[in-house]
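This report concerns only the one structure given below.
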Amino acid sequence: MSQKVVAKLEKELGDAILAKDDFRGDDEVTVDLKSWVKAAQFLKEDPDCAMDMFGDLTAVDWPEREAEGEARFDLVLYLRSVEKKHRIFVRTRVADGKEAPTLSEVWPGANWAEREVYDMFGIEFKDHPDMRRILMYEEFEGWPLRKDYPIDKAQPLVEYRDADDTLKLPPFGIEEGQPFGRIDWEGRLEGIGEQVSPSIGLQTGERRALSDSEIAEEQSAELDKRTAESHKPEEAGASAPSEGE
Amino acid sequence: MESKKQMKVLGGNLPVPAFTTKFDALLAWARKYSLFQYPFATACCGMEFFAVAGPRYDIARFGAEAPRFSPRQSDVLWVVGTISQRQGPALKRIYEQMTEPKWVVAFGTCASCGGFYDNYTTIPGVDKVVPTDVYIPGCPPRPEAVLDGLMLLMEKIQKGVHGEPVSVPPKEVPKLAQLRAKKRTGNDAPGGRS
Amino acid sequence: MEPIDEILTEAEALELPTEPMRLNMGPSHPAMHGTIRMVLDLDGETILNVDVQPGYLHRGFEKSCERGTYVQVYPYADRLNYVSPMLNNVGFSLACEKLLGIEVPERCAYYRVILGELSRICDHFTCNGASAMELGAFTPFLWLLKVRDWIWDILEKETGARMTHSFGRIGGMAAPPTPGFKEDVRAILPEIRKVIGEAEGLLLKNRIFLDRTQGIGKISQERALALGVTGPMLRSTGVAYDVRKDHPYSLYDRFDFDVPVGTDGDNWDRFMVRMEEIRQSMRIIEQALEQMPDEGPINVDDPRIMLPEKREVYDTIEATIAHFKLVMEGMKPPKGRVYSFTEAGNGELGFYIVSDGSGTPYRVRVRPPCWYNLQASREMLIGDMIADIVPTFGSVNMIGGECDR
């Protein structure tokens, strides 16, 4: 449906276009990082394209590409035109540590979208009016949505108090619950292609725990001990009556 | 009147301290029926909080319908919804600004234990930040469970027990409870089917 | 002090040095709509600059999706826009079905439409009711909550939960409609109409309500488009963009409904657009109830995508294996990426799913409508007074779960 737009973009940018894609009807064009702003401006101002509605700007992390020497991140821009009703995706590649040019001059809606990409992936945008974290707090270190950031690595702002008064179990470890469907990201990044379930890897001793589930195991052993102790007077026929359950 | 009735206190069977004076009992009775809330509403549980305050599951019949949006003026801190790490200092500050006597209700699973958001950004339970009195599990809890938790809180206030948290117990279907009781007394039919 | 009737020129007025005051409207605040922090620069009561800081409800949706299978995303997706969870479910289902390249049976599409529109009605009720309450009108809020409870009763009967149902599945829904479904929904529609009439009767001619919403929080059409605003907020500025009309999905092209559009882009227009959308949603529900077939499959009959019937899982070995593989490894879509968008309560809710061929999604990006709506709120607030923050923020309908994910 946006074939016209793709054709016009090709004519305008020529060999800055690296690829084209049409999976399931979503037209997508991959451009060079150098022509990112130029493509965006053209799409907005050209009367046949008239992409005046800013849709979305996001990034995808492909860490295995870095091993092959290519740029790690994909920046994806989604635009729409109100009068022509067509949409298009524009994609570019950004390497880790490199800056990308900002689109907030072209569409002000890209302001927060780029802040979020910076917050989650660590991609900095050159000349952005307000480059700071938006979803996480300033003291947070690291880029959460990168594949090598472990999901349960919390950086608490408030020191946790000692909440020993309840018998709450610790949260699930990363490989508890459903082993097979989970992707072992660290294994993938290290080049271990075969996706052995992380918990099997633990059992055979190949892979260390992906999370602090060892700590969780210690805690739950401690809790089991305490439960056993606190139930002992009950089993001995306690004098203090308890609520019937 | 002091009774031997135990509350469902987790962690053991501790005896309930008796009230020394009738005045304390009267004061506790007055307090429990006129709780001013501070609804620290963040997430989806806020919708069920509205429903509890709504006309059907009326929280006003317990006297607890007055939201005071200032910590200085409220008794109960209702922590409704997920608390993210970023929100932690704000929650702590608000708890510290409340005047005694104060109670904290962890409304919902995310406030009780982090829920299924065990990731880099959620505090696994409000009790990591403030001492909690009542936990109301549920995602979101049904308004009846909320009212149950409120009644537990009121019981707690009446008994004057501070510090030991209570949790809304899961309600068992009566048939299942009978089967479990039978199993405990030695009926070892496999799978509990009789 | 100078006498009041003496006219002062600029040069004669007492020059006092002033500087803007910084006020923090912190993450926990009385406006019930969501947890947000606004750092205001004030000149007296007039807002000079607002720094809107979202992110206080960031719960790691996108990272959590990369951790399980596709079906395990549904509970997280529910809690995105938690006032209309069915719409998120349907949105995610449609995205996965687009990735797979399948279509659901007709009966399921109608079912999704009806449940989705009921959810949308709940969303608009909650937004308008809470807005009214924040302006002091407590009674319409209670009336609208009463109606919302009735709708939640129907949803509870169908899905098992009042709110976050997790009812959508890839290739269908979790369960077929209950036997009395159509009658229940038909019975509630006139009740909704009555309550809307009552609530509007209280609010629409009220001087205070009109003064506090008309002319406040304006945004122009061009700015709205450039900022990526969609939904009732964009329609209140005059752009008739509704995903259900422009890019119909799930049989919306079979229904006859209008798209309400405002003129000024202020709070009043947003309020009225939402009220009118409730009426249009009821029109859609009535038509869908008539057109929906009473029999037929709800789910796509493909064991690689949908769990087989429980009875067969217990009896036949093929169903057991299919069940096992689906639960353990997840449904495996082809490699690629899709973007599928639907009209949620706040605007265009998009799901951008990148798949690498395994049972776990590689990346699930939600295009949240209220993220961009909230970004626009800064421009809407500058120039207004502090007291205008409350109705403006209420009409943006920022739902924290969707905005911060």
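The values are calculated or read from the model by the stated rules, or taken from the named source; none is laboratory data. Please read all numbers here as calculations on a predicted model, not as lab measurements. Virtual Cβ from ideal backbone geometry, glycine too; neighbours counted across all protein chains shown.
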Consider the range B:131-152. How many of its residues are buried (at least 24 other Cβ atoms within 10 Å of the Cβ) and either within 14 Å of chain A (Cβ to nearest Cβ) or in contact with an Asp or Glu (Cβ under 6 Å, 6 or more places away or on another chain) (or both)?
6
Residue B:104 - would you say it is buried (at least 23 other Cβ atoms within 10 Å of the Cβ), at pLDDT 90 or above, under 20 Å from residue B:158 (Cα atoms) and within 14 Å of chain A (Cβ to nearest Cβ)?
yes
Among the residues of the range C:29-58 satisfying the criterion of being more than 17 Å from the chain's Cα centre (by Cα) and of a type in the set (Gly, Ala, Ser), which is nearest to the other protein chains (Cβ to nearest Cβ)?
C:55
Filter the range A:23-50 down to the residues that are surrounded by 13 or more Cβ atoms within 10 Å (Cβ to Cβ) and of a type in the set (Asp, Glu) and list them by number.
A:26, A:27, A:28, A:32, A:46
Out of the range C:266-318, which residues are under 23 Å from the mean Cα position of the chain (by Cα), of a type in the set (Lys, Arg) and either farther than 30 Å from residue C:209 by Cα or surrounded by fewer than 22 Cβ atoms within 10 Å (Cβ to Cβ) (or both)?
C:279, C:283
Restricting to the range B:113-127, give me the number of residues that are within 9 Å of chain A (Cβ to nearest Cβ) and touching a residue at least 40 places away in the same chain (Cβ under 8 Å).
2
Can we say residue C:178 is farther than 20 Å from residue C:395 by Cα and in a loop (DSSP other than H, G, I, E, B)?
yes
Determine, yes or no, whether residue C:322 is among the small types (Gly, Ala, Ser), crowded, with 22+ Cβ neighbours inside 10 Å, out of contact with any Leu (no Cβ under 7 Å at 6 or more places or on another chain) and away from every other protein chain (no Cβ under 14 Å).
no
Answer with yes or no whether residue C:225 is closer than 30 Å to residue C:387 by Cα, assigned to a helix (DSSP H, G or I) and not hydroxyl-bearing (Ser, Thr, Tyr).
yes
Looking for something more than 11 Å from chain A (Cβ to nearest Cβ) and touching a Pro at 6+ places or on another chain (Cβ under 9 Å) - is there at least one such residue anywhere in the range C:374-390?
yes
Return a yes/no flag: does the range A:123-136 have any residue that is modelled with pLDDT of 85 or more, more than 14 Å from chain C (Cβ to nearest Cβ), crowded, with 18+ Cβ neighbours inside 10 Å and not in a loop (DSSP other than H, G, I, E, B).
yes
